[in-house]
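Asker: To start, I am sharing the structure in question, which I have written as structure tokens.
The values are calculated or read from the model by the stated rules, or taken from the named source; none is laboratory data. As the structure is a prediction and not an experimental result, all values here were calculated from the model. We place every Cβ from the backbone using ideal geometry, glycine too, and count neighbours over all the protein chains shown. These accessible areas exclude ligands, DNA and RNA; they are computed on the full protein's heavy atoms, side chains included. Shrake-Rupley method; radii C 1.70, N 1.55, O 1.52, S 1.80 Å.
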Amino acid sequence: MSHPLRGAAAITGLGITEMGRIYGKSSTDFAVDAVRYALDDSGLKKSEVDGLLINAGITGSQGGGVSLSLQNALGLRNLKLLNHMNAAGSTAAQMVQYATLAINAGMASNVVCVFADAPLREGTSTGQAYGSAGRTSIRPTGVNGLFSTAGYFGANTGYALAARRHMSLYGTTQDQLGAVAVAERAWAVNNTRAQMREPITLDDYHNSRWIIEPLHLLDCCLVSNGAVAVVVSGAEQAKDMQQPPVYIWGMGQGHPGDPRSAGSSPETETGAKIAAETVFSMAGVGPSEIDICELYDCYTYTVIVTLEDYGFCKKGEGGAFVEDGKLGPGGELPTNTGGGQLSSFYMWGMTPMSEAVIQARGQGGIRQVPKNDLVLCTGNGGVLNYHASLVLSPHRN
Amino acid sequence: MTEEIVDKPLPSPSGFAEPFWEAGAEGRLLLIRCKSCNESRVPSSEVCPNCLSVDFEWYEASGLGVIYTYGVMHRLYHPAFEQDLPYNLVVVELQEGPHLPGNIIGIENDALRVGMPVQVVWQKYSDISIPRFQATT
């Protein structure tokens, strides 16, 4: 017997704003635009929306991020569900999960889930938008302060240390990290929304400057101003709506915790492993049945470790798995088919989510993957600390 | 013309971890042992993350460990690190189990390896001594 909530809700609307170095708009402005586009796309009237879930991105923690007052900016009245959520890069998938649960509990009918961010400012670098850690006059108590003293700043450092651990344990190579960057860029070439569309070679990858070894610039995601919104509706309603419904078959989360002590390996065995069990069990499928992967790719390494933890290959074999180009256009396992966060745009978990919806609907244009029955969509946050995922399908069952 | 000297971000020598910093100034590494579950930890919190007990004791650790992972930073995030670029940073797995972040001194960055044996050395700043590491032979 299949899971009672498998296929019980669907993504019925998608809105994507302009992306990248777009100035003069606040993250709330972007959020409003994305919701307008998502409602147009779904065919729903604003009055039919009764739930709103919001994720603020990095500007949420820097002040000035989109807040609960988005409800008023959108003129949404008498909502039955409202929250401002943050589990970092896993939030987008989580919002869709909670929307699905709320709809099936009868708490709401059409829930808008929106991510918006605007960390880029004119005349400042991408790195400055995200890497301000350590510049505070408050001296932390205990050894946690030693990270800054050692020069440990931002997510780049955490992922470099995680990737290095994987490379040392399993022989993962710089070429294998580069293969992820090259494959994703090949997809981005055919995505008019992508910020980076020039094809790259493995040589270009190696020649890109070091950020923190073993991560080159081309191992790291972009930073973007913009917003993405999706609408979640009940399956009964979804089948008669404007767009082909994208049914939610599976939902899972995994948050392993990091004891920073011997015997744990959060750098190389992530929350994806925990989420995989739940998401595949609910969907009633396994990795061999997945046609398309839309994986959170803040760094090339994240893709490799996520593929391992979902069982597409064995632990430690992710590098060899991606090296032959199977993630790219025409490859055996099309992955991050819009260019991902590395080459298209960085909207946290809404980057993989938006492309998963496009592919499941069959609206990918020249980058459309022919077989799109099952799409795995993942979100990851912190330094591999927080994970959530969905299995999506154009079929209700 | 004067050049602005920017200090590296430093932890506070006061608070519950004071014995750790005091011992460090004498070149000794102290760790916390939970009196309820016996787990060792570096002083990151007063509550044991394993069993949530607040009952703990300090003990002197070997100061020995191995490189658990490392990176070499090329990008400037903080002005105090300008002279250091490119600099290494490591996480060391201490012989007693807990992980401690730091830098390896006295070594070429290209010579760093995961699993390399290291020992703690203490470097004195204005009001606090900071644990760093060097390779043992």
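Asker: Mind checking whether some residue in the stretch B:71-81 is aromatic (Phe, Trp, Tyr), facing chain A (nearest Cβ under 7 Å) and crowded, with 16+ Cβ neighbours inside 10 Å?
Answerer: yes
Asker: Would you point out which residue out of B:Arg28, B:Arg33 is in a strand (DSSP E or B), modelled with pLDDT of 95 or more and away from chain A (no Cβ under 11 Å)?
Answerer: Residue meeting the stated conditions: B:Arg33.
Asker: Go through (1) more than 19 Å from B:Gly27 (Cα to Cα); (2) in contact (Cβ under 8 Å) with a residue 12 or more places away in the chain; (3) not in a strand (DSSP E or B) for B:Ser62 and report which single condition fails.
Answerer: Of (1) more than 19 Å from B:Gly27 (Cα to Cα); (2) in contact (Cβ under 8 Å) with a residue 12 or more places away in the chain; (3) not in a strand (DSSP E or B), only one is false for B:Ser62: (1).
Asker: Another question, then. If I filter the stretch B:53-70 for residues that are open to solvent by less than 60 Å² (accessible area, probe 1.4 Å), touching a His at 6+ places or on another chain (Cβ under 7 Å) and under 25 Å from A:Thr141 (Cβ atoms), do I get at least one hit?
Answerer: yes
Asker: What are the residues in the stretch A:232-272 that are under 14 Å from A:Ala8 (Cα atoms) and open to solvent by less than 40 Å² (accessible area, probe 1.4 Å), if any?
Answerer: If the condition is that a residue be under 14 Å from A:Ala8 (Cα atoms) and open to solvent by less than 40 Å² (accessible area, probe 1.4 Å), then A:Val232, A:Ser233, A:Gly234, A:Ala235, A:Ala238, A:Pro245, A:Val246, A:Tyr247, A:Ile248, A:Trp249, A:Gly250, A:Met251 are the ones that fit.
Asker: Of these, A:Met196, A:Met167, which one is assigned to a helix (DSSP H, G or I) and over 15 Å from A:Gly325 (Cβ atoms)?
Answerer: A:Met167
Asker: Any residue at all in the stretch B:75-98 that is at pLDDT 95 or above, among the hydroxyl-bearing types (Ser, Thr, Tyr) and closer than 25 Å to A:Ser265 by Cβ?
Answerer: For the stretch B:75-98, residues at pLDDT 95 or above, among the hydroxyl-bearing types (Ser, Thr, Tyr) and closer than 25 Å to A:Ser265 by Cβ: absent.
Asker: Taking A:Gly158 as the residue in question, decide whether it is part of a helix (DSSP H, G or I), over 19 Å from B:Val72 (Cα atoms) and open to solvent by less than 20 Å² (accessible area, probe 1.4 Å).
Answerer: Here the answer is no, as A:Gly158 does not meet what is asked.
Asker: Hey, among the residues in the stretch B:99-133 that are part of a strand (DSSP E or B) and among the aliphatic types (A, V, I, L, M), which one's nearest to A:Ser264 (Cα to Cα)?
Answerer: Applying the filter and picking the extreme gives B:Leu100.
Okay, residues lined up against (1) over 23 Å from A:Thr59 (Cβ atoms); (2) more than 14 Å from chain B (Cβ to nearest Cβ); (3) of a type in the set (S, T, N, Q):
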| position | (1), (2), (3) |
| --- | --- |
| A:Gly75 | no, yes, no |
| A:His84 | no, yes, no |
| A:Ala93 | no, yes, no |
| A:Ala105 | yes, yes, no |
| A:Ser109 | yes, yes, yes |
| A:Thr124 | no, no, yes |
| A:Tyr130 | no, no, no |
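Asker: Show the residue pairs meeting these rules: Cβ distance below 8 Å; 6+ apart or different chains; first residue within the stretch A:274-287 and among the small types (Gly, Ala, Ser); second residue crowded, with 17+ Cβ neighbours inside 10 Å and assigned to a helix (DSSP H, G or I).
Answerer: If the second residue must be crowded, with 17+ Cβ neighbours inside 10 Å and assigned to a helix (DSSP H, G or I), the pairs left are A:Ala276/A:Asp309; A:Gly286/A:Phe280.
Asker: Which of the residues belonging to the stretch A:265-293 are in a loop (DSSP other than H, G, I, E, B) and among the polar types (S, T, N, Q)?
Answerer: A:Ser265, A:Thr268, A:Thr270
Rundown of residues vs (1) at pLDDT 95 or above; (2) surrounded by 23 or more Cβ atoms within 10 Å (Cβ to Cβ); (3) touching a Cys at 6+ places or on another chain (Cβ under 8 Å); (4) of a type outside the set (Asp, Glu), yes/no style:
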| site | (1), (2), (3), (4) |
| --- | --- |
| A:Ala181 | yes, yes, no, yes |
| A:Trp187 | yes, yes, no, yes |
| A:Gln195 | yes, no, no, yes |
| A:Glu198 | yes, no, no, no |
| A:Leu202 | yes, no, no, yes |
| A:His206 | yes, no, no, yes |
| A:Ile212 | yes, yes, no, yes |
| A:Cys220 | yes, yes, yes, yes |
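Asker: Quick check: is even one residue across the stretch A:7-14 out of contact with any helix residue (DSSP H, G or I) (no Cβ under 7 Å at 6 or more places or on another chain) and either under 22 Å from A:Gln242 (Cα atoms) or open to solvent by 20 Å² or more (accessible area, probe 1.4 Å) (or both)?
Answerer: No, the stretch A:7-14 has no match at all.
Asker: So which strands (runs of 3 or more DSSP E) are wholly in the stretch A:203-264 and hold at least 2 residues that are within 14 Å of chain B (Cβ to nearest Cβ) and touching a helix residue (DSSP H, G or I) at 6+ places or on another chain (Cβ under 7 Å)?
Answerer: Passing ranges, in order: A:210-213.
Asker: What about A:Val96, is it aliphatic (A, V, I, L, M), under 19 Å from A:Ala227 (Cα atoms) and touching a Leu at 6+ places or on another chain (Cβ under 9 Å)?
Answerer: Here the answer is yes, as A:Val96 does meet what is asked.
Asker: On to the next question. Does the stretch B:89-102 contain any residue that is surrounded by 20 or more Cβ atoms within 10 Å (Cβ to Cβ), closer than 23 Å to A:Asp258 by Cα, more than 9 Å from chain A (Cβ to nearest Cβ) and free of Cβ contacts under 8 Å to residues at least 60 places away in the same chain?
Answerer: Looking for residues that are surrounded by 20 or more Cβ atoms within 10 Å (Cβ to Cβ), closer than 23 Å to A:Asp258 by Cα, more than 9 Å from chain A (Cβ to nearest Cβ) and free of Cβ contacts under 8 Å to residues at least 60 places away in the same chain, one finds at least one in the stretch B:89-102, hence yes.
Asker: Only one of these is of a type in the set (Val, Ile, Thr) and within 15 Å of A:Thr378 (Cα to Cα): A:Val285, A:Val303, A:Val322. Name it.
Answerer: A:Val303
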